[in-house]
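Written out below as structure tokens is the structure these notes cover.
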Amino acid sequence: MKLTNILGLTCMFKPVSSKKIACAKDIACVKGIACVKDITYVKNIVCVLSVISFLTVSGGEVSAQPGSLQQSYREKVKEYSKEIKASGYSVSAGMEKQKSAKADFLPSLSGNADFQYTGNALQLSKEIPSLGVPVEFTGRNSKYGASLTLAQPLYTGGALKAGLGKATAEKEMAVNESQRVTNNILYDADTYYWNKVALDEIKNVALEYMESVSALADVVKGRVEEGYTDRNDLLMTQVKLNDAEYRYIQACNKAEVARMSMNSFSGVPFDEIIETDTIVQPLVDEEIEGDYFTSIYSRPELDIAGNLVEIEKYNSRIASSRYLPSLSVGVSGSYSSPGYDFMKDMDPNYAVYVNLSVPIFEWGKRKNTRRIGEFSVMKAEANRDKIADDIRLEIETARYSYTESVSKVLLTENSLEKAEESENLAKEKYLEGTVSIVEVINAQIYHQDAKINYIQSKLDAQIAKSALLRAMGVIDK
């Protein structure tokens, strides 16, 4: 049996011989469909008045490639996201820091130029006995020149090696931070995407509900005109029709806001329409691939905490290196005045040097600095362990929420089928005159609520799935 919806009428097509079509003689036309007043034979069709199309129960039109539209939206978000771009800049900066730290191991060349004027030049007076007269030497008032110095550090107490290790750890932390930001952005993208799809689906449900109540109002109007029922029934259905129209307007507003929010998050102009799934895809007992126990090591947050531990270790080594010997060599070449024999002309010169510096006594600062570094490392390790515990809890919580959400999808789907059947029965009995219009209206409301609950459960399941993938660190894989 195949069910379809034609302007508020649920029609069941059977590949069998002709069957009787039973419609009450007072059923009014629904949007141009003529009412049938007598028992008529219509080949292969049995039409029964219905409120909401069974298409929603059976899932409706499904995208040809489930997931492809969602992935396309993800790519738009990743390309537009300012946070992802900012984290990418941090990675680039980290790479430059690492290159700078490597350059510290290489010789450095520096230039210097100076000029000095002395008001009272140096004088030297020396009496030479053989001459019998004193000899005087007078320096020059001005001194100027330029020099180049090439220096090479040989030992810095481990500061250069620790500096390179710290720069490398900071770069890795920037990469992990970029992945953390990307994971969170993709989770938000999934939330925007499925929320928009769900509100579109709810909007369609509200439209079907409005058309269904309109069809019921026409039926009741026909029965009132024929004298089969009281006018109060018509007034009640007209009130519910107004309420249905109000709900539809609300659903349209929420759907439009969700669409604009989704566009804004991906950088798409508001007047453009992003293609999405037509319904929220139901997840029924879908298992997430991956090891829940080892997936903790896929989380960038844990890697960031580990990077912070390494950075604190390198900071401790850098601080302690100030109290260790340092050794460097260099050569300096100059071209300055006064030159040789105190002549005013500029003359070249050079110097080769070895510089050794050994801290001797610092009033216990060496020990204090070492202990500060040890405590900083222990603090970072404790924070890493806490983050690991939080991630384990997050994974287990997300796993439980996902399992429960899938169960709710099955439960609400079952409730929806029963609500649809209950409404059909209520309508049949109303046409037979065995129940009041109140029971029909209540059945319509229950069916409407059941459809919305089913959509909400599917939405919760999709978001719970994304939350679990993010908790496992595989949402971007």
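Bear in mind that the values in this text are calculations on the coordinates, not laboratory data. Owing to the predicted nature of the structure, the values given are computational and were not obtained by experimental measurement. Neighbour counts are summed over all protein chains in view; Cβ atoms, including those assigned to glycine, are modelled from backbone coordinates with ideal geometry.
Structure values in brief
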{"item": "Cleavage-rule hits, chymotrypsin sites (Phe, Trp or Tyr not before Pro), the range 304-408, DSSP coil, Cβ neighbours within 10 Å at most 14", "result": "F361, W363"}
{"item": "Extension reserve of the R231-E96 stretch, reckoned as 0.36 nm per residue once the Cα distance is removed", "result": "40.4 nm"}
{"item": "Inter-label distance for K418 and E275, nm, one decimal - labels placed 7 Å from Cα along Cα-to-Cβ", "result": "4.0 nm"}
{"item": "Distance (nanometres) between label positions extended 7 Å along Cα→Cβ at K379 and Y353", "result": "3.9 nm"}
{"item": "Loop sites in the range 337-445: GluC sites (Glu not before Pro), DSSP, at most 16 other Cβ within 10 Å", "result": "E362"}
{"item": "Out-of-range pairs (alpha-carbon distance over 27 Å; input K196/K477; K166/K367; K427/K458)", "result": "K427/K458"}
{"item": "Simple spin-label estimate for L122 and K82 in nanometres, 7 Å along Cα-Cβ", "result": "6.3 nm"}
{"item": "Förster radius 25 Å - calculated FRET efficiency between E404 and Q250, Cβ distance, rounded to 0.05", "result": "0.30"}
{"item": "Virtual paramagnetic centre 7 Å along Cα→Cβ of V438, amide N under 19 Å, in the range 200-238", "result": "217, 220, 229-238"}
{"item": "Linear extension gain, Y155 paired with K477, 0.36 nm per residue minus alpha-carbon span", "result": "111.4 nm"}
{"item": "Calculated FRET efficiency for the pair Q71/E396, C-beta based, R₀ 30 Å, to 0.05", "result": "0.65"}
